[in-house]
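**Q** Before I ask anything, here is the structure I am working with.
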Amino acid sequence: MTVEENIAFGLKAQKKDKKYIQSVVNMLAGSLNITHLLSRYTQGLSGGEKQRVALARALATEPKVVFLDEPLSAIDENTRERLSYELRSIHDKFGTTFIHVSHNLEEISEVADRVAIMNIGTIEQVGTVQEMLRHPINQYVAEFTRTKNIFHGSSISTDNGCQVSVNNTIRFHTKSKIAGNVLLIIRPEEIQFNKKHLNTSELDKNIFSGKIVKIVNKGSFISLEIDIGILLTVHTMGYIMYTDSGVQKGDIVSVLIPPDAVHLISHNNWV
């Protein structure tokens with residue numbers, strides 16, 4: 001079928017009036033910038049053009065919900081970023097609820113208002129992207145959102161939060177108020193990194209010294225593994241590695257972990 005026939009398909013199945021069908025097709029084609037494609041067949045369209053045609057066809061019947069099953073899974077990264085932006089723009093224009101299935105964390109962050117993370121058919125957690133990243137409800141959610149620093153610990157209450165012992169040697173201060181056996185979680189991008197030796201007398205600041213044991217260039221950031229008595233994964237901007245203050249494997253550095261970046265999960269929610 002042509003693009004025009006595709007968009008009209010659902011309306012024809014509903015036996016809508018021809019003038020009404022034509023008006024809806026023209027409106028959607030104009031809104032999605034595909035008017036110039038109406039007479040073309042879909043076989044010759046690009047991935048982005050096919051996506052817009054499919055959305056126009058779905059939106060034509062004014063559904064309450066549009067279900068998108070991994071619509072961007074088979075395309076390259078640059079195209080995925082562009083189409084994610086287009087999907088978000090289309091949603092904002094029409095206001096229709098989209099349920100968008102994806103395993104790609106970047107894609108989720110770009111398109112979603114709210115996220116439901118599922119595990120073997122069960123919803124583990126529902127919330128905003130930031131809630132998933134900063135406050136995962138259990139280990140499965142933490143691992144799905146790429147939290148690299150997950151440690152078993154023992155937590156005791158303090159006046160302004162908790163103190164958590166890991167391996168009976170490293171102690172972290174946190175604003176979380178969960179005592180007992182816990183999982184301690186720290187996102188790698190929330191760890192502050194400094195080549196200089198920092199003052200470790202202020203214990204509530206979570207300042208530690210350690211040796212860099214691994215450096216991996218991830219393109220948009222650098223991943224460091226730093227041994228402070230336990231292995232911490234730290235993500236930092238790439239330019240740090242290519243300046244006069246850059247670091248190398250084996251260097252002794254300091255890390256600072258803000259107490260509100262140390263998240264605790266009760267043992268009841270371990271997976």
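**Q** Do the conditions hold for I137, that is, is it in contact (Cβ under 8 Å) with a residue 12 or more places away in the chain, open to solvent by less than 40 Å² (accessible area, probe 1.4 Å) and either among the β-branched types (V, I, T) or on the phi > 0 side of the Ramachandran plot (or both)? Reasoning before the result, please.
**A** Working: in contact (Cβ under 8 Å) with a residue 12 or more places away in the chain: yes; open to solvent by less than 40 Å² (accessible area, probe 1.4 Å): no; either among the β-branched types (V, I, T) or on the phi > 0 side of the Ramachandran plot (or both): yes.
No.
**Q** Across region 79-111, which residue is farthest from the chain's Cα centre (by Cα) among those that are small (G, A, S) and within 28 Å of T147 (Cβ to Cβ)? Don't jump to the end; show me each part of the working.
**A** Here is the first cut: in region 79-111, the ones small (G, A, S) are 84, 89, 95, 102, 109.
Restricting the remaining residues to those that are within 28 Å of T147 (Cβ to Cβ) gives 84, 102, 109.
Values: S84: 13, S102: 10, S109: 4 Å.
Checking each candidate, the answer is S84.
Residues checked against (1) at positive phi; (2) in a helix (DSSP H, G or I); (3) open to solvent by 20 Å² or more (accessible area, probe 1.4 Å); (4) touching a residue at least 40 places away in the same chain (Cβ under 8 Å):
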position: L87; (1), (2), (3), (4): no, yes, no, no
position: D92; (1), (2), (3), (4): no, yes, yes, no
position: I99; (1), (2), (3), (4): no, no, yes, no
position: H103; (1), (2), (3), (4): no, no, yes, no
position: I108; (1), (2), (3), (4): no, yes, yes, no
position: I117; (1), (2), (3), (4): no, no, no, no
position: Q130; (1), (2), (3), (4): no, yes, yes, no
position: V141; (1), (2), (3), (4): no, yes, no, no
position: S154; (1), (2), (3), (4): no, no, yes, no
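The rows are residues; the columns are (1) aromatic (F, W, Y); (2) open to solvent by 90 Å² or more (accessible area, probe 1.4 Å); (3) over 29 Å from the mean Cα position of the chain (by Cα); (4) at positive phi.
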{"site": "T35", "(1), (2), (3), (4)": "no, no, yes, no"}
{"site": "E49", "(1), (2), (3), (4)": "no, no, no, no"}
{"site": "A54", "(1), (2), (3), (4)": "no, no, no, no"}
{"site": "A60", "(1), (2), (3), (4)": "no, no, yes, no"}
{"site": "E70", "(1), (2), (3), (4)": "no, no, no, yes"}
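**Q** Shifting gears a bit: Within region 27-41, does at least one residue satisfy the condition of being in contact (Cβ under 8 Å) with a residue 40 or more places away in the chain, farther than 30 Å from T145 by Cα, hydroxyl-bearing (S, T, Y) and part of a strand (DSSP E or B)? Explain how you work it out, then say what you get.
**A** To start, the set of residues in region 27-41 that are in contact (Cβ under 8 Å) with a residue 40 or more places away in the chain comprises 31-32, 41.
Still in the list and also farther than 30 Å from T145 by Cα: 31-32, 41.
When the remaining residues are screened for being hydroxyl-bearing (S, T, Y), the result is 31, 41.
From what is left, the residues that are part of a strand (DSSP E or B) are 41.
Yes: region 27-41 contains one or more residues that are in contact (Cβ under 8 Å) with a residue 40 or more places away in the chain, farther than 30 Å from T145 by Cα, hydroxyl-bearing (S, T, Y) and part of a strand (DSSP E or B).
**Q** Residues that are touching a Gly at 6+ places or on another chain (Cβ under 7 Å) and under 21 Å from L72 (Cα atoms): does region 113-132 have at least one? Step through it out loud before you land on a result.
**A** Residues of region 113-132 touching a Gly at 6+ places or on another chain (Cβ under 7 Å): 114-115.
The next check asks that each one be under 21 Å from L72 (Cα atoms); those that pass are 114-115.
Looking for residues that are touching a Gly at 6+ places or on another chain (Cβ under 7 Å) and under 21 Å from L72 (Cα atoms), one finds at least one in region 113-132, hence yes.
**Q** Separate question: Taking region 156-166 as the search range and keeping residues that are of a type in the set (G, A, S) and within 21 Å of I228 (Cβ to Cβ), which one is most open to solvent (accessible area, probe 1.4 Å)?
**A** Of everything passing the filter in region 156-166, S165 is most open to solvent (accessible area, probe 1.4 Å).
**Q** Test A58 against the stated conditions and say whether it is touching a Gly at 6+ places or on another chain (Cβ under 9 Å), closer than 22 Å to E107 by Cβ, modelled with pLDDT of 85 or more and aliphatic (A, V, I, L, M). Walk me through how you get there before you give the answer.
**A** Values: touching a Gly at 6+ places or on another chain (Cβ under 9 Å): yes; closer than 22 Å to E107 by Cβ: yes; modelled with pLDDT of 85 or more: yes; aliphatic (A, V, I, L, M): yes.
So A58 fits the description; yes.
**Q** Here is a list of conditions, (1) of a type outside the set (S, T, N, Q); (2) modelled with pLDDT of 85 or more; (3) surrounded by fewer than 16 Cβ atoms within 10 Å (Cβ to Cβ), and D76 meets all of them except one; can you say which number that is?
**A** Every condition holds for D76 apart from (2).
**Q** Can you find, within region 1-33, the residue that is least open to solvent (accessible area, probe 1.4 Å) among those that are among the hydroxyl-bearing types (S, T, Y) and within 14 Å of L59 (Cα to Cα)?
**A** Here is the first cut: in region 1-33, the residues among the hydroxyl-bearing types (S, T, Y) are 2, 20, 23, 31.
The next check asks that each one be within 14 Å of L59 (Cα to Cα); those that pass are 23, 31.
Values: S23: 62, S31: 32 Å².
That would be S31.
**Q** Does region 200-219 contain any residue that is farther than 25 Å from D251 by Cα, at pLDDT 90 or above, assigned to a strand (DSSP E or B) and in contact with a strand residue (DSSP E or B) (Cβ under 8 Å, 6 or more places away or on another chain)?
**A** Looking for residues that are farther than 25 Å from D251 by Cα, at pLDDT 90 or above, assigned to a strand (DSSP E or B) and in contact with a strand residue (DSSP E or B) (Cβ under 8 Å, 6 or more places away or on another chain), one finds none in region 200-219, hence no.
**Q** So which of T169, T122, T145 ends up being in contact (Cβ under 8 Å) with a residue 40 or more places away in the chain and exposed (fewer than 12 other Cβ atoms within 10 Å of the Cβ)?
**A** Of the residues listed, the single one that is in contact (Cβ under 8 Å) with a residue 40 or more places away in the chain and exposed (fewer than 12 other Cβ atoms within 10 Å of the Cβ) is T169.
**Q** In addition: Here is a list of conditions, (1) under 17 Å from I252 (Cα atoms); (2) surrounded by fewer than 20 Cβ atoms within 10 Å (Cβ to Cβ), and I191 meets all of them except one; can you say which number that is?
**A** (2)
Residues checked against (1) touching a Pro at 6+ places or on another chain (Cβ under 7 Å); (2) at pLDDT 90 or above; (3) among the hydroxyl-bearing types (S, T, Y); (4) closer than 28 Å to N119 by Cα:
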| residue | (1), (2), (3), (4) |
| --- | --- |
| V164 | no, yes, no, no |
| K175 | yes, yes, no, no |
| E189 | no, yes, no, yes |
| D227 | no, yes, no, no |
| L231 | no, yes, no, yes |
| Y242 | no, no, yes, no |
| L256 | no, yes, no, no |
| V271 | no, no, no, yes |
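The values are calculated or read from the model by the stated rules, or taken from the named source; none is laboratory data. Note that this is a predicted model, so its numbers are computed, not measured. With ideal geometry, Cβ positions are generated from the backbone for all residues, glycine too; neighbour counts draw on all protein chains shown. When the accessible area is computed, the model is the full protein with side chains, heavy atoms only, and any ligands, DNA or RNA have been set aside. Shrake-Rupley method; radii C 1.70, N 1.55, O 1.52, S 1.80 Å.
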